[in-house]
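The values are calculated or read from the model by the stated rules, or taken from the named source; none is laboratory data. Bear in mind the structure is a predicted one, so any value in this text is a computation, not a measurement. Counting neighbours? That spans all protein chains shown, and the Cβs are built from the backbone with ideal geometry, glycine included. Note: areas computed on protein heavy atoms with side chains; ligands, DNA, RNA excluded. Shrake-Rupley method; radii C 1.70, N 1.55, O 1.52, S 1.80 Å.
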Amino acid sequence: MTAESTPDSGNPEASGSTGARRRAKGRRRKPRTRSKALLVTAWAAAGVVILGGTGLGYVYFRLNNNLDSVDINQALGTDRPLDVDNGSQDILVLGSDTRSGSNKKLGGGVDDGSARADTAMIVHVYQGHKKASVVSIPRDTLIKRPECTDTEGKSHEGSSSAMFNSAYSTGGAACAVKTVESMTGIRMDHYIEVDFSGFQKLIDELGGVNVTTNEDISDPESHLDLKAGTHQLTGKQALGLVRTRHGVGDGSDLGRIQLQQAFIKALVEQVKNIGVLTSPKQLWDLADTATNAVTTDSDLDSPKDLASFANGLKGIGSSNMTMVTMPVQYDPADGNRVLMVKSKSDLVWKALKNDRPIPKTATEGTATGSAKGVVGAP
């Protein structure tokens, strides 16, 4: 069943967007496929600051040519949530499940010419940039998707009941941002995507990532086969881990989110501990790979801007990251879909708006996957 044909459950706790908003015409560069590597990218790009201090203008020229961007602000116009200037930042991180081009071999599956938001995370960086909260949005959440205009100026009708990941496939980055802002009432300061192949290369440039699996994980669809124990994951294995949903637990997207969150924490801690920014050669390789892999909003479309932004994140360690999943419950009409629990989600959005920690009560009694604790740091 497609997201568009899924019936509205009528659950009073299910919440979508407010009314449609008008957007100005914008532009979008050639779309690229994405996955999950915000914090690797952040660390790599932060190193550009150090390289820039050497006066190597060629570095900026080369890396600038690597970057792609989308003009989210132009597409969205002025009818957006209030831009609260309290020192915090909110970043929408998306990963796409497209199978086109070179990503088909890495991603598996069928190339049907479309792309959806395979992974979506709201990263809230608190004032002072020493702590962060990450809220994962399940791709299978049924929402009220607003009318939107993409970055090429084309309008798209809204839907009373659509799967969350259809926002990206319908109108690209701009529609995805508008949908998230409608759901949360929070203005996204930035937008970041990373592609399958870039994610794999970044992990390989780091020399792999060490994790411990507490049970066997086997999923031919994501090309992953890990026995219980400690592993130094290659880029290919890491990509398989953050994409698998059938190899462990109940096979749900909620379980996959738990694996992603555990991997990100292990990755952040490893990058922090090994001091990757001390080697100019490794720094260059990481920055080159990261800027090739990433697509950003137009406010981050130069190496200097991206590096300045990323440099502000490098003090955040795994112990200072809170990672939750947007409060949801399974749809009683379709067990393959989930519905946002409005009363609980409102607690999350209110906390982020006020730059406060997410209360534990916000996620108590909501649906979870069964992969928690399967993956951890060694």
Item to complete: Could you calculate the FRET efficiency of L82 with E157 from 1/(1 + (r/R0)^6), where r is the beta carbon distance between them and R0 is 45 Å, rounded to 0.05?
Response: 0.95
Fill in: Calculated FRET efficiency for the pair T234/D299, C-beta based, R₀ 30 Å, to 0.05
0.35
Worksheet, complete the sentence: Calc'd 3J(HN,Hα), region 175-191, phi into Karplus 6.51 cos²θ - 1.76 cosθ + 1.60 (θ = phi - 60°), Hz, glycine/Pro = x, comes to 5, 5, 5, 4, 4, 5, 5, 5, 5, 9, x, 10, 6, 7, 6, 8, 9
Worksheet item: Once phi is turned into ³J(HN,Hα) by the Karplus curve 6.51 cos²θ - 1.76 cosθ + 1.60 with θ = phi - 60°, what whole-Hz value does each residue of region 139-149 show in order, with x for glycine and proline?
Response: 5, 8, 6, 7, 9, 9, 7, x, 4, 8, 10
Worksheet item: So how far apart, in nm, are the two label points at R187 and K130 if each is 7 Å from Cα heading toward Cβ?
Response: 2.7 nm
Worksheet item: Which whole-Hz couplings ³J(HN,Hα) result when phi for each residue of region 161-171 is put into the Karplus expression 6.51 cos²θ - 1.76 cosθ + 1.60, θ = phi - 60°, listed in order with x for Gly and Pro?
Response: 8, 9, 6, 3, 5, 6, 4, 5, 5, 7, x
Discussion item. Order 200-212, 137-149, 166-178, 225-237 from most to least packed using the mean count of other Cβ atoms within 10 Å.
Written reply: 166-178, 137-149, 200-212, 225-237
Worksheet item: Based on the Cβ-Cβ distance from N65 to H223, what FRET efficiency comes out when R0 is 35 Å, to the nearest 0.05?
Response: 0.65
Worksheet item: Once label points are set 7 Å from the Cα along Cα→Cβ at both Y330 and D250, what is their separation, rounded to one decimal in nm?
Response: 0.5 nm
Practice prompt. Run the 1.4 Å probe and let me know the accessible area of M188, rounded to the nearest 10 Å².
Written response: 10 Å²
Response to the item:
Length gained if N210 through N320 is fully extended, taking 0.36 nm per residue and subtracting the Cα-Cα distance, is 37.6 nm
